[in-house]
Amino acid sequence: MPGTQILVNELVTKLRKRKVEGSQATALLTAELLRSVISQLKVPQTNQAETLIEAVKSVGEQLVAANPVELAVGNIVKRVLHVIREEDFSVATNALRGLVSSAGGDNRDTAEHKDFRAQNVAAVAAGPPSRPPSLHSLLDRTPDSAIAHHSSYIGDSFEGKGKSDRNTEIWKLKHDVIRAVNELIEDINSCHEQIAEHAVELIHQNEIILTFGRSRTVREFLCAAKEKRSFRVFVAEGAPKYQGHALAKDLVARGLQTTLITDSAVFAMISRVNMVVVGVHAVMANGGVLGPVGLNMVALAARKHAVPFVVVAGTHKLCPLYPQNPQVLLNEMRCPSELLQYGEFSDCMDFSIGSGNPLLNVVNPAFDYVSPELVSLFITDIGGYNPSFMHRLIADYYSADDVNLPKKTTS
């Protein structure tokens with residue numbers, strides 16, 4: 001894939017140099033790149049799904065290694081892998097149904113064939129083997145061996161197909177995967193509008209809403225509620241980058257009554273607040289979240305004063321990993337210049353005599369981890385959920401085989 005490798009290298013460079021800001025932008029670029037990789041990949045007549053999976057994994061390893069802290073990259077890679085497995089299962093299921101139908105019209109319909117049809121009808125309803133069973137299929141799940149039991153029978157039937165039929169099957173799998181990836185891209189693009197539809201249900205008249213830092217999802221959520229509700233917004237400024245200043249300006253421009261407060265004033269103001277609504281960097285499998293540094297302080301203040309702490313996040317931020325997973329980097333250190341200018345503190349940064357250590361150290365973490373016990377509710381583009389249900393929701397978007405991507409080795 002010489003053509004797509006150029007695109008891969010370009011995105012790797014952007015991720016490594018932190019040229020892409022925001023989980024949504026990162027997720028979109030990743031999904032669009034993987035769509036290009038899949039569309040330009042030459043798929044053999046056999047092992048089509050395996051070929052697609054290996055190609056996506058190879059690209060995904062490069063992207064994740066370029067910026068491990070941007071979990072949206074790995075999320076999209078694993079979502080696409082799940083799509084491939086689902087579509088491959090769907091193609092196999094349709095072929096299986098065709099075999100069952102043809103066997104039903106055959107005069108040689110033996111007892112074995114009848115048993116074959118009965119088992120596979122149950123297997124089709126059960127879902128793909130690599131995917132955890134959904135809630136509505138847990139009660140009637142049949143063993144996954146139902147399909148494998150007659151794999152040789154299916155293989156023999158496919159051997160009789162002509163070349164044009166096999167080419168059609170190859171084209172159909174790629175077409176279905178690309179269509180599903182297009183739907184994923186559309187979901188990422190429209191997630192803000194989908195989440196904002198729930199705003200009127202949560203925000204009531206004359207309430208005070210507190211938010212932290214800057215989030216487009218939060219902005220659209222609050223502006224949607226303004227169409228039918230009158231309320232006030234407290235915006236914590238989100239030092240050291242002070243992104244709350246930009247959000248406050250955006251809200252005022254959209255006609256919302258807004259009050260800007262310092263981060264250190266959150267505990268002092270939280271008793272007047274009816275609800276905290278925040279955006280996050282990622283939602284972990286246990287229901288905990290990664291957000292901008294200082295968010296845990298806001299969550300603790302909300303818990304102390306029994307104020308609901310609501311997280312708004314698109315499904316592309318749902319991460320199948322747990323915080324203790326070795327693949328997860330919970331934080332990264334940003335440039336000290338965000339906190340202070342070197343010229344103002346140059347005398348403090350001189351190396352001390354003897355030890356060789358600077359007299360002043362600057363630590364500037366980017367993220368906070370908020371435990372699930374501090375989160376009251378998640379609002380996603382597919383609905384609202386309790387933190388305890390997030391692992392079940394995440395299981396519907398990822399395959400167990402793809403949760404832990406192998407690390408890219410460098411020579």
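For region 19-58, a residue qualifies if it is closer than 24 Å to Gly279 by Cβ and aliphatic (A, V, I, L, M), and the qualifying residues are Val20, Ala25, Ala27, Leu28, Leu29, Ala31. Within the bounds of region 262-281, is there any residue that is under 30 Å from Asn325 (Cβ atoms), out of contact with any Phe, Trp or Tyr (no Cβ under 9 Å at 6 or more places or on another chain) and aliphatic (A, V, I, L, M)? Yes, there is a match, as at least one residue in region 262-281 is under 30 Å from Asn325 (Cβ atoms), out of contact with any Phe, Trp or Tyr (no Cβ under 9 Å at 6 or more places or on another chain) and aliphatic (A, V, I, L, M).
Each residue in region 205-233 was checked for being farther than 15 Å from Gly279 by Cβ and not in a helix (DSSP H, G or I), and 10 of them qualify. Test Gly294 against the stated conditions and say whether it is touching an Asp or Glu at 6+ places or on another chain (Cβ under 6 Å), small (Gly, Ala, Ser) and open to solvent by less than 10 Å² (accessible area, probe 1.4 Å). So Gly294 fails the test. Among the residues of region 62-99, those that are polar (S, T, N, Q), more than 23 Å from Tyr369 (Cβ to Cβ) and at pLDDT below 95 comprise Ser90, Thr93, Asn94.
Quick test for you: out of Asn274, Asn331, pick the one residue that is over 19 Å from Arg219 (Cα atoms) and in contact (Cβ under 8 Å) with a residue 40 or more places away in the chain.
Values: Asn274 fails: over 19 Å from Arg219 (Cα atoms).
The match here is Asn331.
Scanning region 321-329 finds one or more residues that are of a type in the set (Ser, Thr, Tyr), modelled with pLDDT under 95 and under 24 Å from the mean Cα position of the chain (by Cα).
Take Gly314 and tell me if it is modelled with pLDDT of 95 or more, surrounded by 18 or more Cβ atoms within 10 Å (Cβ to Cβ), under 24 Å from Leu28 (Cα atoms) and in contact with an Asp or Glu (Cβ under 8 Å, 6 or more places away or on another chain). Spell out how you get there, then give the answer.
Working: modelled with pLDDT of 95 or more: yes; surrounded by 18 or more Cβ atoms within 10 Å (Cβ to Cβ): yes; under 24 Å from Leu28 (Cα atoms): yes; in contact with an Asp or Glu (Cβ under 8 Å, 6 or more places away or on another chain): yes.
Yes: the conditions hold for Gly314.
Only one residue in Lys14, Lys19 is modelled with pLDDT of 95 or more and charged (D, E, K, R). Which one?
Numbers: Lys19 fails: modelled with pLDDT of 95 or more.
Selected residue: Lys14, the only one of Lys14, Lys19 that is modelled with pLDDT of 95 or more and charged (D, E, K, R).
A count restricted to region 215-257 and to residues that are in contact with a strand residue (DSSP E or B) (Cβ under 6 Å, 6 or more places away or on another chain), surrounded by 17 or more Cβ atoms within 10 Å (Cβ to Cβ) and among the basic types (Lys, Arg) stands at 0. Would it be correct to say that Phe267 is open to solvent by less than 20 Å² (accessible area, probe 1.4 Å) and over 28 Å from the mean Cα position of the chain (by Cα)? Answer is no for this residue.
Counting the residues of region 32-41 that are open to solvent by 30 Å² or more (accessible area, probe 1.4 Å) and more than 18 Å from Glu87 (Cβ to Cβ) gives 1.
Just one of the listed residues (Leu29, Leu15) is open to solvent by 10 Å² or more (accessible area, probe 1.4 Å), closer than 26 Å to Val328 by Cβ and not acidic (Asp, Glu), and it is Leu29.
The values are calculated or read from the model by the stated rules, or taken from the named source; none is laboratory data. Since this is a predicted model, take the numbers as computed values, not measurements. With ideal geometry, Cβ positions are generated from the backbone for all residues, glycine too; neighbour counts draw on all protein chains shown. In case anyone asks, the SASA skips ligands and DNA or RNA and just uses the protein heavy atoms, side chains included. Shrake-Rupley method; radii C 1.70, N 1.55, O 1.52, S 1.80 Å.
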